[in-house]
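This report concerns only the one structure given below.
The values are calculated or read from the model by the stated rules, or taken from the named source; none is laboratory data. Computed from a predicted structure; not experimentally measured. A quick note on method: Cβ atoms are made from the backbone with ideal geometry, for glycine too, and the neighbour counts reach across all protein chains shown.
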Amino acid sequence: MIRHLCVVSASVLVLLLPGAAWADSGDAPDRVIGLLELPQLFGHGACDRYEARPLALYRRADTDLASGEIRVDKSWTFPQNGGCEGLEIGVHLSGAGAVVQELPTREFGYEDPGAIVLARKGHRFKIRLQDGAAWVAPAAGAEFHPMETLVAENLSYLTDAWNGTVCAEPGQSGTCRKIEAGAGREPGVTVLGHRETAGRLWFEIELPSRETCGEPVPDVPRTRGWVSAHDNDGAPAIWFYSRGC
């Protein structure tokens, strides 16, 4: 459901120790696997009137010793002309000499920000920070939106991280062929399925999609096959329009 708002403004900040990279050296390569809905911090959508609760941060998934927390530093205000503004959420880590950076988020729905999830172990999630990552154990009500569901249930497209190839089978580079989609294009795709092969996620897609945002890409031939979900740096090669067209 689309919300009609007059003014919506939010600020999400992260306080980091200089040079501190919050990451587990023993973990698998960081790849975006989904988005984490955190109503204890953001409420249920913009302008929601809710009781915020802090969220502890951990350096590892297997420790109960918190090294900081995310909390609401300033709640929504509601101007007389309508809408809302001023939400500030900060990530406060233990230690001195902190600097202020933005917390990376992406929308899972219309004006619904979610933390970017890089790994999951049970009910703990590794989320991206500007410098590395941290683990969280969200309270009841939090919902994880896996990448497989996000791209299958929304209008999806191939991002700049896509290598331009479509394969007959997942993980078999010898069966792949180059597709010319035009420089700077983001061709819409229909997601038909997914499969994990050799520790990497693949999506079966059809392009160009029969339903897409923006102008169609006329020079892309009708193609069906498999694409890797991520590039070598872990960036998603396929994503979705969180606000529709």
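Points to keep in mind about this one:
- Region 98-121 - residue that is farther than 16 Å from W239 by Cβ and assigned to a loop (DSSP other than H, G, I, E, B) and, of those, modelled with the lowest pLDDT: A98
- Hits in region 30-87 (condition: acidic (D, E), over 22 Å from D131 (Cβ atoms) and assigned to a strand (DSSP E or B)): E37, E85
- Note on region 143-202: among residues that are charged (D, E, K, R) and at pLDDT 90 or above, the one that is nearest to H123 (Cα to Cα) is E143.
- Restricting G90, G95 to residues that are at pLDDT below 90 and exposed (fewer than 15 other Cβ atoms within 10 Å of the Cβ) narrows the list to G95.
The rows are residues; the columns are (1) not assigned by TED's automatic domain parsing to the domain that holds H92; (2) not polar (S, T, N, Q).
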site: I116; (1), (2): no, yes
site: Q130; (1), (2): no, no
site: A134; (1), (2): no, yes
site: P138; (1), (2): no, yes
site: G141; (1), (2): no, yes
site: L158; (1), (2): yes, yes
site: A161; (1), (2): yes, yes
site: C167; (1), (2): yes, yes
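- Filter result for the condition that a residue is in contact with a helix residue (DSSP H, G or I) (Cβ under 7 Å, 6 or more places away or on another chain) and either surrounded by fewer than 16 Cβ atoms within 10 Å (Cβ to Cβ) or in contact (Cβ under 8 Å) with a residue 40 or more places away in the chain (or both), over A139, A152, A161, A133: A139
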